[in-house]
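Just below is one structure, and these are the notes that go with it.
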Amino acid sequence: MKYPIPRGTFDILPESSYKWNYIESLFKDIAERYNYRRITTPIFERTELFERSVGNTSDIVEKEMYKFQDKKGRNFALRPEGTAGVVRSLVDNALASQGSLAMLWYMGPMFRYDRPQKGRYRQFYQYGIENIGSHHPFIDAEVISIGWVLLKTLGLKGFELQINSLGDDTDSAVYDAALISYFTPYKKSLCQDCLNRLERNPKRLLDCKVSTCKEIAAQAPNILEFLSDDNQQHFHLVQRYLKLMNIPFIINPRIVRGLDYYTHTAFEFVTDSLGTQNTLLGGGRYNKLVEQMGGKPMPGIGFAGGFERLMMVMEQEGCSFGKKPLPQAYFIVAGDVAQEPAIKLMQSLREQGIALTWNPDKISFKAQMKSADKSGATWTLIIGEDEVAASTVTIRNMETGKQQAVSISDTDIIAEYILNNK
RNA sequence: GUGGCUGUAGUUCAGUUGGUAGAGCACAGGAUUGUGGUUCCUGGGGUCGCGGGUUCAAGCCCCGUCAGCCACCCCA
C-alpha cells in the first residue's frame, strides 16, 4: 500500500457498483414520481454558508468540517450536508417565488471529519429531498412519505418512523428556558458534556446516554407541551395525513436533530440492525433558513439519508439489489483466420445493442470456454476455422448446451437468438 | 478528540515455549486433435501494515506510527 486511501473513505468497486446503481435509480424514480427534479450543487461552498445554516454551535461546524483556502485566500469547506448548498442555489437562482414550490432531489458525496465507525465515514454518500415554499402540513407528510416509500420499496423491514415537533423560535426559546430551570438544580449530577449542553443547546441534553443524566432527563418537560396552538395544530395535521397514507409512526419528543436550522416537524427513520449509528434517514422543517440565507422569507422541509447505511441494512436483511449485470454473449475465437470475421461480427452486434465480450489473451479453446462459462453469459458465439470455411458462426446456449450454425452475414438472426433467448 | 480489540498470500484464516512462513477458497495451466460448469494433477504469488528496539535469532516480545473494527461522542 504505497498510497493508502484516506482514512474513513472507501472505493466502490466494480463488483458491487450495480448495487449502488440500483439504490440510486430507485431513489430517482421515486422522487421523480412525486414530481421532484434533480438539483446538483458544488461539493464545496464558502465556509460561512455552513456556519450560518448548520449552526456555529453544532458539532458539524465546530469540529467536523474539511476547510481550506484557495489561492486567493478565500475560505471554503467541503459540504458536510446538502441542504445549505441547495438553499443557496435556490436563493441565487430564484427557484421558488410566491406560490410556486421548489421540489428538489439530490445525491452526492458529503464530508465530515469524524472518527470512522460502522455506518460512519468521512466521505459518505447521501440522497436527499427538499421542498421549499409551502408551510402546508401535507407537504410535511408528503416529504416523509417519500422516505417511507423508498425504504419500503427497497424491501426493508426493521425500521421505524419517529416524528416530533420542535415548534418555532418562540416555542423553542420558552422550552429552552424551561429545560434550563429544570436541569439547573441537578447540575452536580450531570456529566460534563451535559453541563456544556445546558448552556449552549439544552435540547441536546435530552439525548444524553449517561445513565444518571438519563434518569434526570426522564422527568424533564416535554417539548410538545410548549407548542403554540398553531404549531400544535400543524403537528396534528401532519399526523392525520400520515395516517391517511397508512404510514405508521411513533411520536418521540426527544428527537433533536443535529443541525440548528430545524423548526416544527422533525423526523427520523431508525433501524435496529445497524448498531449505534441507527439513523437511516432524517429531516425536518426549516422555516427560517431561506430568509437566513438572504432569500425572501420562505418555509421549507426536507430530509437526507445515507446510502452506506441503506446498503448495510439491506445486506443484513437479505434484500434484493436487482440483477447483477452480465454479458449477453461471449465470443470464442479459435485460430488466426477467425479473428477478422469475429471482430466484424462483434462490432456489428454491439452496434445492435448486444452486450458481449471476449478475451483475446486466452488461447486454447478450452480456456476460452471456461472463461465464457465464468462470464455468466447465456450465449457463446464460436468462430473457428470450420466456421470461417463455411461462413457461419456457431451459437451455443450455455444453459441447455444446444448449439447451431448460422450464416455469419445474418446478423439480425444472430441478434434475435441472443435478444429473445430462444 | 477518548478508550478497547485487531493488522500474516487476491480472500478467509493457521502459525506451537521467539529459530528467518502454511491451508482452504480464488486465480492460471494441464488431463491426446475445437466445447464450460464436477473430479484429479501442477503452478504463480507474501520485504508477515510501516518504523524503531530487545535478542546470536522475531510473524511471534517492547515502543512508536498508520489503518480497520467496536464503543464514547456525533449523526447519514
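The values are calculated or read from the model by the stated rules, or taken from the named source; none is laboratory data. Just so you know, these numbers come straight off a predicted model, no measurement behind them. When we count neighbours, we look across all protein chains shown, and the Cβ atoms used for this are built from the backbone with ideal geometry, even at glycine. Just the protein is used for accessible areas: all its heavy atoms, side chains included, with ligands, DNA and RNA removed. Shrake-Rupley method; radii C 1.70, N 1.55, O 1.52, S 1.80 Å.
When residues in segment A:1-27 are screened for being of a type in the set (A, V, I, L, M) and open to solvent by less than 80 Å² (accessible area, probe 1.4 Å), 4 of them pass.
Residues checked against (1) away from RNA strand B (no atom under 16 Å from the Cβ); (2) open to solvent by less than 10 Å² (accessible area, probe 1.4 Å); (3) part of a strand (DSSP E or B):
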site: A:ASP29; (1), (2), (3): yes, no, no
site: A:ASN35; (1), (2), (3): yes, no, no
site: A:PHE76; (1), (2), (3): yes, no, yes
site: A:GLY85; (1), (2), (3): no, yes, no
site: A:TYR125; (1), (2), (3): no, no, yes
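Please verify whether A:LEU345 is crowded, with 19+ Cβ neighbours inside 10 Å and either outside the structural domain of A:MET311 (by TED's automatic domain parsing) or more than 7 Å from RNA strand B (Cβ to nearest atom) (or both), treating the condition exactly as stated. So A:LEU345 fits the description; yes.
Put simply, of A:THR9, A:THR41, A:THR83 the only residue that is of a type in the set (Val, Ile, Thr) and more than 30 Å from A:PRO297 (Cβ to Cβ) is A:THR9. Test A:GLY295 against the stated conditions and say whether it is more than 10 Å from RNA strand B (Cβ to nearest atom), open to solvent by less than 50 Å² (accessible area, probe 1.4 Å), in a loop (DSSP other than H, G, I, E, B) and outside the structural domain of A:THR153 (by TED's automatic domain parsing). So A:GLY295 fails the test. Assessment of segment A:263-271 against the conditions (of a type in the set (Ser, Thr, Tyr) and within 12 Å of RNA strand B (Cβ to nearest atom)) yields at least one matching residue. Scanning segment A:23-30 for any residue that is closer than 23 Å to A:LEU259 by Cα, touching a Leu at 6+ places or on another chain (Cβ under 6 Å) and of a type in the set (A, V, I, L, M) turns up nothing. Does segment A:298-320 contain at least one residue that is assigned by TED's automatic domain parsing to the domain that holds A:THR378, away from RNA strand B (no atom under 16 Å from the Cβ) and of a type in the set (A, V, I, L, M)? Checked segment A:298-320: no residue is assigned by TED's automatic domain parsing to the domain that holds A:THR378, away from RNA strand B (no atom under 16 Å from the Cβ) and of a type in the set (A, V, I, L, M). Residues of segment A:358-392 that are of a type in the set (A, V, I, L, M), near RNA strand B (Cβ under 9 Å from one of its atoms) and surrounded by 14 or more Cβ atoms within 10 Å (Cβ to Cβ): A:MET369, A:ALA372, A:ALA377, A:ILE382, A:ILE383, A:VAL388.
Only one entry of A:LEU206, A:LEU224 meets the criterion of being under 21 Å from A:LEU259 (Cα atoms) and in contact with a helix residue (DSSP H, G or I) (Cβ under 7 Å, 6 or more places away or on another chain), and that entry is A:LEU206. None of A:ASN131, A:ASN56, A:ASN93 is at negative phi, assigned by TED's automatic domain parsing to the domain that holds A:PHE307 and in contact with a Leu (Cβ under 7 Å, 6 or more places away or on another chain) except A:ASN131.
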